[in-house]
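Below is one structure, written out as structure tokens; comments come after it.
Throughout, read-outs are computed from the coordinates displayed, never taken from laboratory work. Quick caveat: nothing in here was measured; it's all calculated off a predicted structure. Neighbour counts are summed over all protein chains in view; Cβ atoms, including those assigned to glycine, are modelled from backbone coordinates with ideal geometry.
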Amino acid sequence: MDSLHHEEHSQRLPPSSAEYRCSFWMMLSAFFASLAVRLLKWTNRCQYSGFAHYRRRLESGEPLLIAFWHNQGLLMPFVYFGKWGKIRIIVSRSRDGALISSLLWWFGILSVRGSSSNGGIQALRELLKIAKDGCTSLVFTPDGPKGPIYEAKEGVAYLVKRTGKPLYLLSVAYTRFRECRSWDRFRIPLPFGKAYFACSPPLCFPEDQGKDCLENLRCNIERSLIRLNEITSALALEQITHLESEYLLSSEVFYTP
């Protein structure tokens with residue numbers, strides 16, 4: 001019992017400087033940054049489409065795989081409805097990555113440090129190990145960390161195949177935002193606008209063991225995320241209603257070619 005209590009307590013501790021290179025001042029800066037992110041969310045009216053099934057599974061403690069494009073990550077911590085510390089995401093080993101890890105910690109999201117260019121294999125192995133615990137959800141940005149934008153890499157398809165967990169895709173579009181001049185054209189919502197969030201039906205690994213199965217799954221994830229972007233963009237432009245978006249996000253319609 002004591003060891004269980006110690007493990008739970010240790011998960012709530014901020015990332016150590018030895019493991020994450022996050023100093024006290026970085027954690028303090030990340031705390032104020034988290035307040036700014038919360039303020040942006042509170043000053044935007046939010047609408048959610050397709051989240052009922054996803055939310056029930058998270059609130060029940062079932063671990064999931066979650067993916068969204070790299071430029072939409074700022075408000076995504078607000079659509080994680082699971083338990084504190086029961087979600088992991090890959091973050092780069094750079095100093096910027098350390099700051100992002102610190103920021104995510106204030107939202108109860110823990111980091112695995114690595115990227116496709118630095119420590120990616122080690123991070124992937126750690127994620128597979130974490131996935132075996134049966135209670136931790138994993139989050140990915142399939143086009144990160146360096147792009148190209150809106151092009152899914154094979155890693156997320158590999159994890160879907162290896163873990164057997166259902167994958168949910170997320171997207172958000174804003175009516176008022178600023179687009180950064182980064183490779184991913186990162187989007188920052190401006191106050192007093194609207195944010196439209198959408199969640200896909202679960203995508204499960206097909207029983208296809210052919211040599212092209214990973215590439216087929218990767219392409220399916222990429223196409224589905226692009227389709228999800230089209231739905232949230234249409235909502236933000238008032239081209240479709242919330243009721244219509246719920247229909248488009250039903251499992252019978254969303255994955256229909």
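A few points about this structure:
- In plain terms, the chain from F192 to E238 could stretch by 14.9 nm, reckoned as 0.36 nm per residue minus the Cα-Cα distance.
- Full extension of the segment from S250 to E154, taken as 0.36 nm per residue of separation minus the current Cα-Cα distance, would add 32.0 nm.
- Legend: calculated FRET efficiency, R125 to K146, from the Cβ-Cβ distance at R0 = 30 Å, rounded to 0.05, equals 0.90.
- Computed from label points 7 Å out along Cα-Cβ, the spacing between C204 and R38 is 3.8 nm.
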